[in-house]
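One structure is given below, encoded as structure tokens.
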Amino acid sequence: MYTGILGAWVAVFLTLSILSYLYKDNVFYKLAEHIFVGVSAAHWATIAFWNQVQPNLFGRLWPQTDVASLSGFDKFWYGIYHGLHVLFGKVFPEETLNGVLYRGIGDQPQNLTYLFAFILGVFMLFRLIPKIGWLSRWSLAYVIGMAAGLRLYGYMSSDVIGQIHATMLPLWTGHLGSSINNIILIVGVLTGLFYFFFSVEHKGALKVVSRIGIYYLMIYFGASFGFAVMGRISLLIGRFNDLIEYSGKQYWFATPILLIVMVVVLVLTTRKEKEEA
Amino acid sequence: MIVKRTACVLFLLIGLFGFAFAGLAIEAQVEHSEADGNKVNITITPVEGSSIYIVQKSLESGEWVSVVETRELTFSTNISNDISTQFKVIALDSDRTVVGEAISELVVTEAKWFNVKRTNRFVALILISGTILYYISRAKKNKKIYLRPVAGLQAFEEAVGRATEMGRSVLFVPGIMDLDQVETISGLIILGHVAKMTARYEAELNVPVSRSLVMESGRETVQASYLSEGRPDLFSEDMVHYYTDDQFAFAAAVDGVMLREKPAAVFLQGKFYAESLIMAETGNSIGAIQIAGTGSPSQIPFFVTACDYTLIGEEFFAASAYLGDDPKLLGSIKGQDIVKAILMLCLGIGVLLETFNIHFFKNLFVGS
């Protein structure tokens, strides 16, 4: 019961602190901002390590295996793992089940090509050593090059070929309504595309075409803006619903009490600031 | 004569009822046109009285796992490449009583180097890349390329100059996504140009980022710009600093920076999501000159509403060509314009042919 009440008070305090930003930058907003940034940074770092690095990298290099069955290279390879276990036991666990010693993480198939990713990751840490910090550029170059190459096909396929295919529509379908729709769509695509011609001066007739293109874009932007604002308002209503719920007796009047305290503190600090000025 | 007639009648009867007497069979054939190569077409030859078929496939361990329960006699399924797999069909009658069982021959699939279904994409890629490369080579040979003025890009220098005059900082946010997004890379290229301006004018530059890799490459970019302007003494690694990966926590932190430092110029250049309006509104409230740029269509409306200038879609990607004087970039802009003209022509031809019910041209643009 008390944890629920405490949670409600924390939620109300942080919500009101963030909303207090509408008045001006103040101590409550600063506090909420720093808690939010600090907690989320730590949370993301932890999640990234335990959900990504440990199972997907170390788990693929050293999947769990019965130590007694190891021989040859595998014995040497899992020997390295054992060394890491001695240093970082929680990250590289070993466990004994029914008298059998198991080494490794998870049950994904072993894939030593992940060593390449591991090395690139280690290169990033070399930023901490200025003399060999330049090696981190190799990792960055790989990420950027890989991303550009990978996206090239995807964008060309969906945003170019796919769009052209979808826009090849008949001007007359046999029905007036759908024919008008098709014409609006085709004119919009052609003029919108023309607006993004950079090496041609937009003057005379070309300026008219370009103008029509930008009008199409603005109509889309207006519709999209209205749609998003509606979504934001529903989020705001959700927060207000929580504040109303937490203002009840069962939550020890969290909302009104905290609201009054914060208003009083803000009024006093503003008055003090004015006096000092 | 009687023997001949009897033989003929017998052959006819066997031909007519052969289907009914034939045993249950299952055939698995690899679909060779698939890029992944792991698609297998299954054909079941039914046995009399059967109406439901449970199809299973073999695993490496020798176990059988269920694939599908169906009434269809043909269907497709995917298997693991480079592993010999067999299919088993168990035929049931309408009361779900087993009436037969058959096993297919072993099939092995393998990934293909070339997917024939995507030949159109391959041709388009060659044409587009070839056109752009041709115009880059032309630009390198000192062929002058005209670029129409874009208001937002002309305001870059004005914004940095204004910040210098007011003695306030320049805030640059390269989006909230990682380096695997093209917008982030484009944002970092623009950061390089803005950093050159701040180095030239000796203005203070502040670059908050939400990804560790972006922080590293951002620092490299800014450092290179300060070096190229001959002002390495003004560079500090703290100019580019990390807050958090979390979208709204990052937005809260950037808003805090805007309210406290009151930068005179704010650049929002990169990949943004729902936090775009929060940042742009705050920048607007402090009276900063704001120049935004993104390729995310859903975020452009917010920037158009709250910022002084917005680079819409391709304007944002073309910015680096405008801001620099690199013939490679200028040539690529011209090449892309030519590609756009070709695509518009294709679109026009396609629309006309579709109007006259001729579909072959449109089908050239179909792909999986």
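The values are calculated or read from the model by the stated rules, or taken from the named source; none is laboratory data. Everything quoted here is computed from the prediction, not taken from an experiment. Cβ placement follows ideal geometry from the backbone for every residue including glycine, while neighbour counts extend to all protein chains displayed. Heads up: the accessible areas ignore ligands, DNA and RNA and are worked out on the full protein's heavy atoms, side chains in. Shrake-Rupley method; radii C 1.70, N 1.55, O 1.52, S 1.80 Å.
Brief remarks follow.
- 3J(HN,Hα) along region B:111-124, derived from phi through the Karplus expression 6.51 cos²θ - 1.76 cosθ + 1.60 where θ = phi - 60°, amounts to 5, 9, 7, 9, 9, 4, 5, 10, 4, 4, 5, 5, 4, 4 Hz, with x in place of Gly and Pro.
- Pairs beyond 19 Å (Cα-Cα), from A:Lys207/B:Lys340; B:Lys39/B:Lys88; A:Lys203/B:Lys143; B:Lys117/B:Lys334; B:Lys143/B:Lys328; B:Lys144/B:Lys196: A:Lys203/B:Lys143; B:Lys117/B:Lys334; B:Lys144/B:Lys196
- Share of carbon and sulfur in the accessible area of chain B stands at 57%, probe radius 1.4 Å.
- Percent accessible area from carbon and sulfur atoms, region A:1-107, protein chains only, probe 1.4 Å: 68 percent
- For region A:1-142, the average shadow cast by the Cα convex hull is 15.1 nm², which is a quarter of the hull's surface.
- Choice from A:Gly72, A:Gly38, A:Gly213 showing the highest fluctuation, given a GNM over chain A with Cα pairs closer than 10 Å: A:Gly72
- Phi-based couplings in Hz for region B:337-345 (Karplus 6.51, -1.76, 1.60; Gly and Pro marked x): 4, 5, 4, 4, 4, 5, 5, 5, 5
- The alpha carbon centroids of region A:1-37 and region A:80-99 are separated by 42 Å.
- Within region B:207-232, backbone nitrogen closer than 14 Å to the virtual label 7 Å beyond the Cα of A:Met146 toward Cβ: B:213
- For B:Lys112, the aspartates and glutamates whose Cα comes closer than 13 Å to its Cα, not counting residues fewer than 8 places off in the same chain, are B:Glu31, B:Glu34, B:Asp36, B:Asp82.
- Region A:216-264, Rg to Rh (Cα coordinates; Rh as Kirkwood inverse mean 1/r): 1.33
- A Stokes-Einstein calculation at 25 °C with viscosity 0.890 mPa s, built on the Kirkwood radius of chain A over Cα pairs, returns a diffusion coefficient of 92 µm²/s.
- Length-normalised contact order for chain B - Cα pairs under 8 Å, 6+ apart - percent: 15 percent
- Rg of the Cα atoms in region B:204-301, relative to 2.2 N^0.38 Å, amounts to 1.10.
- Calculated mean residue ellipticity, 222 nm, chain A: -22000 deg cm²/dmol, from DSSP H runs (n ≥ 4) at -39500 (n - 2.57) each, averaged per residue and rounded to 500.
- For region B:116-242, the share of alpha carbon pairs falling in successive 5 Å distance bins from zero is 2, 10, 15, 15, 15, 14, 11, 9, 4, 2, 1, 0, 0 percent.
- Accessible surface, region B:27-156, averaged per residue in Å² (probe 1.4 Å): 60 Å²
- Placing dummy labels 7 Å off each Cα toward the beta-carbon, the span from A:Lys30 to A:Val10 is 2.3 nm.
- For the chain pair A and B, buried accessible area totals roughly 5800 Å², probe 1.4 Å, rounded to the nearest 100.
- At 1.002 mPa s and 20 °C, Stokes diffusion of region A:89-141 via Kirkwood alpha-carbon radius, µm² per second: 156 µm²/s
- Chain B - mean residue ellipticity at 222 nm from DSSP helices (-39,500 (n - 2.57) per run, n ≥ 4, rounded to 500): -15500 deg cm²/dmol
- Long-range Cα-Cα pairs in region B:47-186 (distance over 26 Å), rounded percent: 65 percent
- Interface residues of region A:196-214, defined as those with an accessible-area decrease of at least 30 Å² between the chain by itself and the complete set of protein chains (probe 1.4 Å), are A:Phe196, A:Phe197, A:Phe198, A:Ser199, A:Glu201.
- Alpha-carbon Rg/Rh ratio, for region A:169-233, with Rh computed the Kirkwood way: 1.11
- Three semi-axes describe the equivalent ellipsoid of the protein assembly as shown; taken as square roots of 5 times the Cα gyration tensor eigenvalues and ordered largest first, they are 54, 39, 30 Å.
- Computed P(r) (all Cα pairs; region B:253-368; 5 Å bins; percent): 2, 11, 15, 13, 12, 11, 11, 9, 6, 4, 3, 1, 0
- Contact residues in region A:16-64 by the 40 Å² criterion (accessible area, 1.4 Å probe, full protein complex versus chain alone): A:Tyr21, A:Asp25, A:Tyr29, A:Glu33, A:Phe36, A:Val37, A:Trp44.
- Simple label model, 7 Å out from Cα along Cβ direction - B:Ile103 to A:Leu268, nm: 8.4 nm
- Average projection area in nm² (convex hull over Cα atoms of chain B, one quarter of hull surface): 32.3 nm²
- Each principal axis of the Cα cloud of region B:145-325 was evaluated for its coordinate range; sorted largest first, these ranges are 39, 39, 34 Å.
- Accessible surface ranking that places the most exposed of B:Tyr146, A:Tyr81, A:Tyr114, A:Tyr23 first, with a 1.4 angstrom probe: A:Tyr23, B:Tyr146, A:Tyr114, A:Tyr81
- Residues in region B:330-357 occluded by at least 50 Å² - accessible area, probe radius 1.4 Å, against chain by itself: B:Asp337, B:Lys340, B:Leu343, B:Met344, B:Leu347, B:Val351, B:Thr355
- Solvent-free Debye scattering, log10 I(q)/I(0), computed from the Cα coordinates of region A:1-76 at q = 0.28 Å⁻¹: -1.15
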